[in-house]
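Working notes for the structure below.
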Amino acid sequence: MKTKILLKESEMPTHWYNVIADMPNPPTPPLGPDGNPVGPDALAAIFPEELIKQEMSGERWIKIPDEVREVLRLWRPSPLYRAHRLEKMLNTPAKIFYKNESVSPAGSHKPNTAVAQAYYNKQAGIKKLTTETGAGQWGCSIALAGQMFGLDVEVFMVNISYGQKPYRRTMMRTWGAQVHASPTNLTESGRSILAKDPNSEGSLGIAISEAVEIAASRPDTNYALGSVLNHVLLHQTIIGEEAKKQLAMVGEYPDMIFAPCGGGSNFGGIAFPFFADKAAGKKIDLVAVEPTSCPTLTKGTYAYDFGDAIGLTPLMKMYTLGHDFMPPGIHAGGLRYHGDSALISQLYNEGLLSAIAVPQTETFEAGILFAKSEGIVPAPESTHAIAATIREARRCAETGEAKTLLFNLSGHGHFDMTSYDRYFAGELEDYDYPEEAIKESLAHLPKVG
Ligand SMILES: *Cc1c(COP(=O)(O)O)cnc(C)c1O
């Protein structure tokens, strides 16, 4: 019985899959401050033309440039695993497979889009990319990708994480990036925050404002975003395309797919290529897994809202908890986002995708069970998918169903040992569903139309 199902380098997908081609309804457009759809021009100050085209494209297949595939070959195709030892530990008749995206140099799925974004910016004559990072996964990915294509990278890292995640910071510098603790005095946005609070801990919203401000004010500088946008999800579909080929090699097809969902990029990445089959009538359940403390899809409202905390971005129609909702400080930093991808939100609203929320301690229990059986210590984000898969596998053990389950191991947890320490010390909390905070924040949704 096989454990690792491997594709040859020559079998790496040559095209990304664009889910828009198979959606029953056209995607809702992003809106500008005047309430009208945002055209390509509005984005041109911070994104290269090719990425703007991809953001709006309805073409089913989009070619992956050879230069991008060449860099992706450093770790792709990524292995698909059959989790024999986890199955045994759970004593389940279910077959469990996982796609291992932790094998990238940065340790997660995020370089899949970082490499593509760096390439298109380089092609467009751009010299520098700015971005924000919270826990550091995205900052590392764009630092790596910038280095591969000879672009300077400037990362605004949320001040509190800058102190808490020193090794992510060092990793970015190893790949040549400049890293600042945000807020800085390098931007108008940063200075205005520091004037009010010189010791500000910072936030992702503030860091985005700083990175966008610099990109918008310099012609040779662009901005890069690690999730949420259509082109980011597009670049991640290589995950699901590979997984489909790998499952076919062992004669399998999943009944259910689970992935953690923050902004939706790794979930869209693994699920969308299978959505193509679902749209054609195949029975498959695609499940986004989120924290109970930041339950965007399961408890949010489907409405137009800003993508950032301050209100600088275009309005996107998405499931949201309100752009000024501050999620509790859970250890899966990548899942602390108030909104979600517009594509995922629309398909979920139409009943074509599912979502569940899992409490924090259950995710760590699942992560530890996974580490003890399969060996890999998962990222706190990834443990959400593991917990949901384990729930289903245990259900199968009760009913005797031999379902085929697939989940995305979006990253490893080697930089998250402090979080595991907290769990072992019994200090991890299960936050209640923050109903009051969400209600308050939803009252501030922008008025549209
Ligand atoms: C960033 C991150 C996520 C969440 O982001 P998505 O865009 O929803 O995929 C999940 N897992 C890991 C390891 C991450 O770094």
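The values are calculated or read from the model by the stated rules, or taken from the named source; none is laboratory data. What you are looking at is a predicted structure, and each value in this text was computed from that prediction instead of being measured. Heads up, the Cβs are rebuilt from the backbone with ideal geometry, glycines too, and the neighbour counts pull from every protein chain shown.
Could you say which residue among Ala243, Ala259, Ala271 is more than 14 Å from the ligand (Cβ to nearest atom), under 20 Å from the mean Cα position of the chain (by Cα) and either buried (at least 22 other Cβ atoms within 10 Å of the Cβ) or of a type in the set (Ser, Thr, Tyr) (or both)?
Values: Ala259 fails: more than 14 Å from the ligand (Cβ to nearest atom); Ala271 fails: more than 14 Å from the ligand (Cβ to nearest atom).
Step by step, each of Ala243, Ala259, Ala271 is checked, and only Ala243 is more than 14 Å from the ligand (Cβ to nearest atom), under 20 Å from the mean Cα position of the chain (by Cα) and either buried (at least 22 other Cβ atoms within 10 Å of the Cβ) or of a type in the set (Ser, Thr, Tyr) (or both).
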Limited to segment 405-422, what total is found for residues that are touching a strand residue (DSSP E or B) at 6+ places or on another chain (Cβ under 8 Å) and more than 9 Å from the ligand (Cβ to nearest atom)? 3
Residues of segment 358-383 that turn out to be of a type in the set (A, V, I, L, M) and touching a Phe, Trp or Tyr at 6+ places or on another chain (Cβ under 8 Å), as a count: 3
Could you tell me which residue of segment 74-123 is farthest from Gly139 (Cα to Cα), considering only residues that are in contact with a Phe, Trp or Tyr (Cβ under 9 Å, 6 or more places away or on another chain) and β-branched (Val, Ile, Thr)? Ile96
Would you confirm whether or not segment 216-223 contains a residue that is over 28 Å from Leu129 (Cα atoms) and either within 13 Å of the ligand (Cβ to nearest atom) or in a strand (DSSP E or B) (or both)? no
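Does segment 365-391 hold any residues that are surrounded by fewer than 24 Cβ atoms within 10 Å (Cβ to Cβ) and in a helix (DSSP H, G or I), and which are they?
Initial filter on segment 365-391 (surrounded by fewer than 24 Cβ atoms within 10 Å (Cβ to Cβ)): 365-366, 368-369, 371-377, 391.
Across segment 365-391, the qualifying residues are Glu365, Ala366, Ile368, Leu369, Ala371, Lys372, Ser373, Glu374, Arg391.
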Among the residues of segment 341-359, are any within 12 Å of the ligand (Cβ to nearest atom), at pLDDT below 95 and touching a Gly at 6+ places or on another chain (Cβ under 6 Å)? no
Considering only segment 407-427, state which residues are part of a helix (DSSP H, G or I) and aromatic (Phe, Trp, Tyr). Tyr420, Tyr423, Phe424
Conditions first: (1) surrounded by 13 or more Cβ atoms within 10 Å (Cβ to Cβ); (2) without any contact (Cβ under 8 Å) to a residue 60 or more places away in the chain; (3) under 28 Å from Ala279 (Cα atoms). Trp75 passes all but one, so which condition is the exception? (3)
